[in-house]
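Participant: Please read through the structure below; I'll follow up with questions.
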Ligand code: SF4
């Protein structure tokens with residue numbers, strides 16, 4: 001049997017990623033598939049996945065004879081011959097309607113084959129991974145658990161514990177195939193923005209003024225509100241909190257009031273201040289890191305620790321840069337030295353950042369290098385009852401402000417012309433863009449190319465800390481108007 005077009009009707013393990021993300025996406029893949037160019041970050045992840053697969057292949061080749069399969073029939077012949085490892089196996093089961101290409105089939109000592117896949121993730125409990133590996137088990141049709149070679153070097157087994165999830169996936173996919181209308185779903189800012197069907201769905205959500213477009217109104221919340229007849233943003237905006245039923249994530253009066261204000265904010269492009277904002281006193285140093293999630297030797301490698309000191313001009317941008325992971329420890333220690341320097345120079349100093357990522361990363365680095373007891377680390381994290389000099393600017397934003405936005409990320413707030421109105425010099429830049437540029441830096445051999453990439457990343461990080469500075473000023477301005485009003 002040839003690998004033919006008719007096989008496109010079969011369920012594939014690769015369908016699991018779309019299905020886990022959104023069943024409408026899985027339906028659209030089946031009925032109105034669209035071709036799309038992967039963005040550079042997705043392409044980087046894809047390439048890193050292939051490299052990981054090659055590393056596992058090399059490891060297996062060092063211990064076993066590995067045979068590459070070229071077709072379904074060839075896979076079967078190799079299995080019948082009992083070869084130790086089959087690479088790029090091709091399996092099909094028309095009865096169940098399944099098709100899959102596990103990276104490896106590894107012969108067990110009992111003579112049966114175990115399906116195995118190389119996955120860049122460090123988490124074998126991700127639903128998509130469990131479904132994919134569970135489907136490979138179905139295809140090899142024995143009781144052996146499937147193996148996953150994870151990005152952190154671990155090897156995990158997935159057995160019958162994932163069967164229920166696999167059954168649910170297969171049933172749902174059969175149903176989606178038969179279904180002529182796209183499933184009703186809710187908007188999710190984080191999920192939809194990166195989906196290839198964004199343009200298709202967004203116009204439909206907009207046309208309905210669907211309440212799930214509102215920040216803080218989750219899919220389940222919107223579905224339950226719809227049952228109570230509250231479906232649109234104008235409807236929600238016109239309500240009193242007392243008239244909204246208790247639904248998931250929206251049970252308290254405070255949350256209901258906030259949801260109503262969020263609806264009014266979006267409708268009228270209006271900002272609401274819920275309470276007085278008090279920012280910590282001190283000399284502010286703005287702080288932002290860039291880290292590489294594709295690090296080979298550690299969880300994440302911080303390649304840039306960026307800081308902006310008073311009086312906050314371009315010339316006051318300071319940083320610690322590392323060329324690669326071998327400099328990870330040196331970069332961390334240099335960062336701590338810089339912090340100590342600023343601790344004295346700008347006393348009392350506040351290190352302002354946006355979101356919890358910076359604090360969490362400092363904690364992780366302290367654990368990585370067994371330095372949780374280090375004086376600077378303890379001071380930074382505010383241990384032993386001391387107040388931490390780290391200040392997350394996102395907290396007062398989320399606690400005290402309702403903004404005409406769908407997301408409360410730094411860029412969402414800063415770029416909005418009626419809010420902070422700070423524009424990044426490089427419009428394409430962003431955290432994923434930075435990771436892509438850094439990985440190009442790692443690959444580059446020409447020193448001029450390397451320097452150009454480094455300069456671009458530094459400029460982007462400088463803009464990030466400039467943005468948090470501008471946000472600080474905007475919040476101060478807003479609170480002073482609120483106080484005087
Ligand atoms: S844009 Fe959103 S709703 Fe539409 S298919 Fe993608 S994830 Fe689902």
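The values are calculated or read from the model by the stated rules, or taken from the named source; none is laboratory data. Quick caveat: nothing in here was measured; it's all calculated off a predicted structure. Virtual Cβ from ideal backbone geometry, glycine too; neighbours counted across all protein chains shown.
Participant: Restricting to the stretch 6-38, name every residue that is assigned to a loop (DSSP other than H, G, I, E, B), more than 18 Å from residue 175 (Cβ to Cβ), in contact (Cβ under 8 Å) with a residue 40 or more places away in the chain and within 16 Å of the ligand (Cβ to nearest atom).
Facilitator: Within the stretch 6-38, 34, 36 qualify.
Participant: Kindly indicate which of 266, 277 is away from the ligand (no atom under 16 Å from the Cβ), within 30 Å of residue 472 (Cα to Cα) and assigned to a helix (DSSP H, G or I). Steps first, answer last, please.
Facilitator: Working: 277 fails: assigned to a helix (DSSP H, G or I).
Step by step, each of 266, 277 is checked, and only 266 is away from the ligand (no atom under 16 Å from the Cβ), within 30 Å of residue 472 (Cα to Cα) and assigned to a helix (DSSP H, G or I).
Participant: Can we say residue 259 is in a helix (DSSP H, G or I), more than 26 Å from residue 25 (Cα to Cα) and in contact with a strand residue (DSSP E or B) (Cβ under 7 Å, 6 or more places away or on another chain)?
Facilitator: Details: in a helix (DSSP H, G or I): yes; more than 26 Å from residue 25 (Cα to Cα): yes; in contact with a strand residue (DSSP E or B) (Cβ under 7 Å, 6 or more places away or on another chain): yes.
In short, yes.
Participant: Just need a number here: residues in the stretch 292-313 that are at pLDDT 95 or above and either more than 25 Å from residue 467 (Cβ to Cβ) or surrounded by fewer than 16 Cβ atoms within 10 Å (Cβ to Cβ) (or both).
Facilitator: Of the stretch 292-313, the ones at pLDDT 95 or above are 292, 301-313.
From what's left, either more than 25 Å from residue 467 (Cβ to Cβ) or surrounded by fewer than 16 Cβ atoms within 10 Å (Cβ to Cβ) (or both): 310-311, 313.
Of the residues in the stretch 292-313, 3 are at pLDDT 95 or above and either more than 25 Å from residue 467 (Cβ to Cβ) or surrounded by fewer than 16 Cβ atoms within 10 Å (Cβ to Cβ) (or both).
Participant: If you don't mind, there's one more thing I want to ask. Write out, first by first residue and then by second, each pair whose Cβ atoms fall under 6 Å of each other, whose residues are 6+ apart or on separate chains, and whose first residue, in the stretch 184-207, is farther than 11 Å from residue 219 by Cβ while the second is more than 8 Å from the ligand (Cβ to nearest atom) and part of a helix (DSSP H, G or I).
Facilitator: 205/213
Participant: Does residue 86 satisfy the condition of being surrounded by fewer than 20 Cβ atoms within 10 Å (Cβ to Cβ) and part of a strand (DSSP E or B)? Walk me through how you get there before you give the answer.
Facilitator: Working: surrounded by fewer than 20 Cβ atoms within 10 Å (Cβ to Cβ): no; part of a strand (DSSP E or B): yes.
No, not satisfied.
Participant: Restricting the search to the stretch 212-228, which residues are out of contact with any strand residue (DSSP E or B) (no Cβ under 8 Å at 6 or more places or on another chain) and not in a helix (DSSP H, G or I)?
Facilitator: Matches in the stretch 212-228: 214, 215, 216, 218.
Participant: Within the stretch 454-477, does at least one residue satisfy the condition of being farther than 25 Å from residue 392 by Cα, in a helix (DSSP H, G or I), touching a helix residue (DSSP H, G or I) at 6+ places or on another chain (Cβ under 7 Å) and modelled with pLDDT of 95 or more?
Facilitator: The first filter runs over the stretch 454-477 and keeps only residues farther than 25 Å from residue 392 by Cα, leaving 454-456.
Now restrict to residues that are in a helix (DSSP H, G or I): 454-456.
With touching a helix residue (DSSP H, G or I) at 6+ places or on another chain (Cβ under 7 Å) added as a condition, the list becomes 454, 456.
Add one more test, that the residue is modelled with pLDDT of 95 or more, and what stays is 454, 456.
Yes, the conditions are met somewhere in the stretch 454-477.
Participant: List every residue pair whose Cβ atoms lie under 7 Å apart, where the two residues are 6 or more positions apart in sequence or sit on different chains, the first residue falls within the stretch 374-387 and is modelled with pLDDT of 95 or more, and the second residue, located anywhere, is part of a loop (DSSP other than H, G, I, E, B) and exposed (fewer than 13 other Cβ atoms within 10 Å of the Cβ).
Facilitator: 378/384; 379/386
Participant: Among the listed residues 193, 224, identify the single one that is more than 16 Å from the ligand (Cβ to nearest atom) and either under 30 Å from residue 399 (Cβ atoms) or modelled with pLDDT under 95 (or both).
Facilitator: Sole residue among the options that is more than 16 Å from the ligand (Cβ to nearest atom) and either under 30 Å from residue 399 (Cβ atoms) or modelled with pLDDT under 95 (or both): 224.
Participant: Can you name every residue in the stretch 267-280 that is touching a residue at least 60 places away in the same chain (Cβ under 8 Å) and touching a helix residue (DSSP H, G or I) at 6+ places or on another chain (Cβ under 6 Å)?
Facilitator: Answer for the stretch 267-280, where residues must be touching a residue at least 60 places away in the same chain (Cβ under 8 Å) and touching a helix residue (DSSP H, G or I) at 6+ places or on another chain (Cβ under 6 Å): 272, 273, 274, 275, 277.
Participant: Look at the stretch 162-185 and say how many of its residues are within 16 Å of the ligand (Cβ to nearest atom) and exposed (fewer than 13 other Cβ atoms within 10 Å of the Cβ).
Facilitator: 2
Participant: Among the residues of the stretch 114-123, is there at least one that is surrounded by 12 or more Cβ atoms within 10 Å (Cβ to Cβ), in contact with a helix residue (DSSP H, G or I) (Cβ under 7 Å, 6 or more places away or on another chain) and farther than 25 Å from residue 48 by Cα?
Facilitator: Looking for residues that are surrounded by 12 or more Cβ atoms within 10 Å (Cβ to Cβ), in contact with a helix residue (DSSP H, G or I) (Cβ under 7 Å, 6 or more places away or on another chain) and farther than 25 Å from residue 48 by Cα, one finds none in the stretch 114-123, hence no.
Participant: Being in a helix (DSSP H, G or I), more than 9 Å from the ligand (Cβ to nearest atom) and surrounded by 15 or more Cβ atoms within 10 Å (Cβ to Cβ) is the filter here; which residues of the stretch 196-211 pass it?
Facilitator: Narrowing the stretch 196-211 to residues in a helix (DSSP H, G or I): 198-208, 211.
Next cut, more than 9 Å from the ligand (Cβ to nearest atom) only: 203, 206-208, 211.
211 - this is the single residue of the stretch 196-211 that is in a helix (DSSP H, G or I), more than 9 Å from the ligand (Cβ to nearest atom) and surrounded by 15 or more Cβ atoms within 10 Å (Cβ to Cβ).
Participant: Considering only residues that are out of contact with any helix residue (DSSP H, G or I) (no Cβ under 6 Å at 6 or more places or on another chain) and crowded, with 16+ Cβ neighbours inside 10 Å, which ones fall in the stretch 23-44?
Facilitator: Start the filter on the stretch 23-44 by keeping residues that are out of contact with any helix residue (DSSP H, G or I) (no Cβ under 6 Å at 6 or more places or on another chain), which leaves 23-24, 28, 31-39, 42-43.
Selection gives 23, 24, 28.
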